Amino acid sequence: MDLTVSRPRRLAGEVVAPGDKSVSHRAVMLNSIGEGQATVRNFSPGDDCTSTMGIMRALGVDIARTTGSDDAGDTLVIKGAGIDGLRAADDVLDAGNSGTTMRLMSGILAGRDFKSTMTGDDSLRSRPMGRIIKPLSEMGAVIRGRENNTLAPLEFDGGALNGIEYDLPVASAQLKSAILLAGLRAEGKTRISQPDASRDHTERMLKAMGADIEVDGLNVAVGESQINCVDVDVPGDISSAAFWIVAGLIHPNAEVVIKGVGINPTRAGVITALQDMGGNIELVDERDVAGEPVADVVATTSNLRGTELAGSIMPLLMDEVPIIAVAAAMAEDETIIRDAAELRVKETDRISATVDWLVAAGVEAEAREDGMAIVGSGRIAGGTYQSQDDHRIAMALGIAGMVSEEPIRVVEASCASISYPEFWDILQSLGGIVD
Ligand code: S3P
């Protein structure tokens, strides 16, 4: 499905952020291997988290899903199978487009007493899996993949695991979590040290579930543990909210309120970056929801200026670079983004995908090996641009269409459903004209 977005005269309204994708994945996975029963509210409506739920069901876990209203999201009731209770699936497990599903589930499948095979779509089958296979193999897992054990489909033989000490080569929460989840069933301690902080939802949830886990700065240690199911109220997804925040800042006549946004410091780099660019962003009614900090976010028309993004802030905003790039194009002066090579191995190569459409839209932008440079001019030309079937590129294009000189036609716009199925309807409700 292709969609065209045109600029509204005014952009105003209130949006409830959908349930956080990262927290939703973990809430299903961890409760599925917990003792007892849990209710997960405001579960992410995106296809990625449905892939995780489908895999857990295929492994024998009883999960009931009720569809919620627009403001409340879906509810899951999960009957935990216990740490050893999963059973062999009778088919190949399908992670769809979801890197988080494939990498975290690998940590869960590695030490089982049964075999599994897991695959995904074209994009996921081209993303690097060697980074998880290496430490899991050191723990004793037997995992095979295509291209010399670097690509899915992945085959897991199962078997006993032992704890390891591992220095992460990249600040990846997926890699860290895969090792921690394997560590729950490994003999002895598993110790990880990270080069930089990455999202810490796994550590927070494991702690709340009673696992033997210790966090000390960039070091995390986990021991063999049984975990208890816990109810989770999933906070709103800051990665989804970021699109409306940027829309509110770059549109000349805007005020957007996004309710219930998770502002965990390991996720909120986008707010810091946009505020540094001069963005009028206010956090209102800061509160705690199930161990995660949450606030309502108000974004209003701003005069943005360019910035430099590099170093330890990058893992805290990596998923938001495609939409930060739109803010940079609408800002004054240059924005330089470095230390972002991870973008090259996301759902698409997001450095090329972003720079390609910006250049086609008349923006002075250059791809670099580990980032990009964008010279802001406050102007984005209309036209037809490819989402490359990447949800975050599609949504960034949609927001660009709300400020571009002529309408923007987004090719393959429906992929927004990977994280945010209601995105286009909400864009329309905020005044963006979609057809
Ligand atoms: C995620 C971790 C990040 C992020 C992804 C979700 C997670 O990936 O980009 O969208 O839920 O753990 P990396 O771990 O590869 O950095």
How far, in nm, would the chain grow between Thr384 and Met1 when pulled straight, counting 0.36 nm per residue and subtracting the alpha carbon separation?
-> 136.6 nm
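Does the range 343-435 classify as rounded, prolate or oblate by the C-alpha gyration tensor (a ≥ b ≥ c root eigenvalues; a/c under 1.5 gives rounded; else a/b over b/c gives prolate, otherwise oblate)? If you can, show how the numbers build up before the last one.
Values: a/c = 2.24, a/b = 1.23, b/c = 1.81.
In terms of gyration-tensor shape, oblate.
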Residues in the range 69-110 reached by a label modelled at Gln37 [backbone nitrogen below 16 Å; 7 Å Cα→Cβ] | 75-82
In degrees, nearest ten, helix 47-58 long axis to first principal axis of the chain (Cα) = 10 degrees
Given labels modelled 7 Å from the Cα in the Cβ direction, how far is it in nm from Arg144 to Gln428?
-> 4.9 nm
What are the principal axis extents of the Cα atoms in the chain, in Å, biggest first?
-> 60, 42, 40
Cα gyration tensor category, rounded, prolate or oblate, for the range 379-431 with a/c compared to 1.5 | oblate
Helix-only [θ] at 222 nm, the chain, -39500 (n - 2.57) per DSSP H run of 4+, per residue, nearest 500, equals -8500 deg cm²/dmol
What net charge do the residues around Leu161 carry, taking every other residue with its C-beta under 13 Å from that of Leu161, with Lys and Arg at +1 and Asp and Glu at -1?
-> -3
Can you run phi through the Karplus equation (6.51, -1.76, 1.60; θ = phi - 60°) for the range 266-275 and list ³J(HN,Hα) in whole Hz, with x for Gly and Pro?
-> 7, 10, 8, x, 5, 5, 4, 4, 5, 5
Simple spin-label estimate for Asp196 and Glu332 in nanometres, 7 Å along Cα-Cβ | 2.9 nm
May I ask you to give the solvent-accessible area per residue for the chain, in square angstrom, as obtained with a 1.4 angstrom probe?
-> 36 Å²
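Using a ≥ b ≥ c from the Cα gyration tensor of the range 223-264 (square roots of the eigenvalues), is it rounded, prolate or oblate, where a/c under 1.5 gives rounded and otherwise the larger of a/b and b/c decides, a/b for prolate? Please report the intermediate quantities before stating the final value.
On the way: a/c = 6.65, a/b = 3.43, b/c = 1.94.
Taking the square roots of the gyration eigenvalues as a ≥ b ≥ c, the range 223-264 is prolate.
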Please tell me the relative contact order of the range 9-161 in percent, rounded to the nearest whole number, where contacts are Cα pairs under 8 Å and at least six residues apart.
-> 19 percent
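Do you know the relative contact order of the chain, to the nearest whole percent, from alpha carbon pairs under 8 angstrom that are 6+ apart? Write out the running numbers ahead of the final one.
Working: 1126 pairs, mean separation 80.4, N = 435.
Relative contact order for the chain comes out at 18 percent.
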The chain, accessible surface, carbon-and-sulfur percent (1.4 angstrom probe) | 44 percent
Can you give the accessible area of Trp357 in Å² (nearest 10), computed on protein heavy atoms with a 1.4 Å probe?
-> 10 Å²
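In Å, the Kirkwood hydrodynamic radius of the range 128-206 over pairs of distinct alpha carbons? Let's see the in-between values first.
Details: mean 1/r = 0.0776 Å⁻¹.
That comes to 12.9 Å for the range 128-206.
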Theoretical FRET efficiency, 1/(1+(r/R0)^6), r = Cβ-Cβ of Glu282 and Arg368, R0 41 Å, to 0.05 | 0.80
With axes computed from alpha carbons, what is the tilt in degrees of helix 99-109 against the longest principal axis of the chain, rounded to the nearest 10 within 0 to 90?
-> 10 degrees
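How do 358-366, 170-178 rank on mean C-beta neighbours within 10 Å, highest first? Present the calculation step by step, with values, prior to reporting the outcome.
Working: 358-366: 17.9, 170-178: 24.8.
So the peptides 358-366, 170-178, ranked by packing, come out 170-178, 358-366.
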For the range 72-208, share of DSSP beta bridges that run antiparallel, in % to the nearest 5 | 50 percent
Could you give me the ³J(HN,Hα) list for the range 134-149, computed from phi with Karplus coefficients 6.51, -1.76, 1.60 and θ = phi - 60°, whole Hz, x at Gly and Pro?
-> 4, x, 5, 5, 4, 7, x, 6, 10, 10, 10, x, 5, 6, 6, 6
Lysine pair number, Cα distance threshold 22 Å (strictly under), the chain, separation 8 or more or different chains | 14
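Summing Lys, Arg as +1 and Asp, Glu as -1, what charge do residues with Cβ under 9 Å from the Cβ of Glu405 carry, Glu405 excluded? List each step's numbers first, then the result.
Details: positive: Arg7, Arg379; negative: Glu406.
It works out to a net charge of +1.
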Be a star and scan the range 29-69 for residues whose amide nitrogen sits under 20 Å from the point 7 Å along the Cα-to-Cβ vector of Ser225.
-> 29-40
Would you kindly state how much longer the chain becomes between Phe114 and Arg9 on full extension, computed as 0.36 nm times their sequence separation minus their alpha carbon distance, in nm to one decimal?
-> 31.9 nm
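Can you give the % of DSSP beta bridges in the range 358-410 that are antiparallel, to the nearest 5?
Values: 5 of 8 bridges.
Rounded to the nearest five, the antiparallel share is 60 percent.
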Please compute P(r) over all alpha-carbon pairs of the range 40-120, binned at 5 Å starting from zero, and give each bin as a whole-number percent.
-> 3, 15, 25, 23, 19, 10, 4, 1, 0
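I'd like the antiparallel share, as a percent to the nearest 5, of DSSP beta bridges with both residues in the chain. The partial results should precede the final answer.
Working: 55 of 79 bridges.
Percent antiparallel among DSSP bridges in the chain is about 70.
Arrange the residues Ser69, Ser137, Ser6, Ser240 by how much accessible surface each exposes, largest first, with a 1.4 angstrom probe.
Working: Ser69 70, Ser137 50, Ser6 30, Ser240 0 Å².
My answer, sorted largest first, is Ser69, Ser137, Ser6, Ser240.
Which net charge results when you count Lys and Arg as +1 and Asp and Glu as -1 among the other residues whose beta-carbon is under 12 Å from that of Gly248? Intermediate values should be presented prior to the final figure.
On the way: positive: Arg10; negative: Glu14, Glu255, Glu282.
Value of the local net charge: -2.
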3J(HN,Hα) from dihedral phi, the range 225-236, Karplus parametrisation 6.51/-1.76/1.60, rounded to Hz, x for glycine, proline = 8, 8, 10, 9, 4, 9, 5, 10, 9, 6, x, x
Pull up all non-local amide H partners of Gly382: gap of 5 or more, or a different chain, and H-to-H distance under 5 Å with H placed in the peptide plane.
-> Glu405, Glu406
Packing-ranked peptide list from 201-212, 143-154, highest mean Cβ count within 10 angstrom first, is 201-212, 143-154
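The values are calculated or read from the model by the stated rules, or taken from the named source; none is laboratory data. All values derive from a computational prediction rather than experimental measurement. Note that each Cβ is placed from the backbone with ideal geometry, even for glycine, and that neighbours are counted across all protein chains shown. For the accessible areas, the whole protein counts, side chains as well, though only heavy atoms, and no ligand, DNA or RNA atoms are used. Shrake-Rupley method; radii C 1.70, N 1.55, O 1.52, S 1.80 Å.
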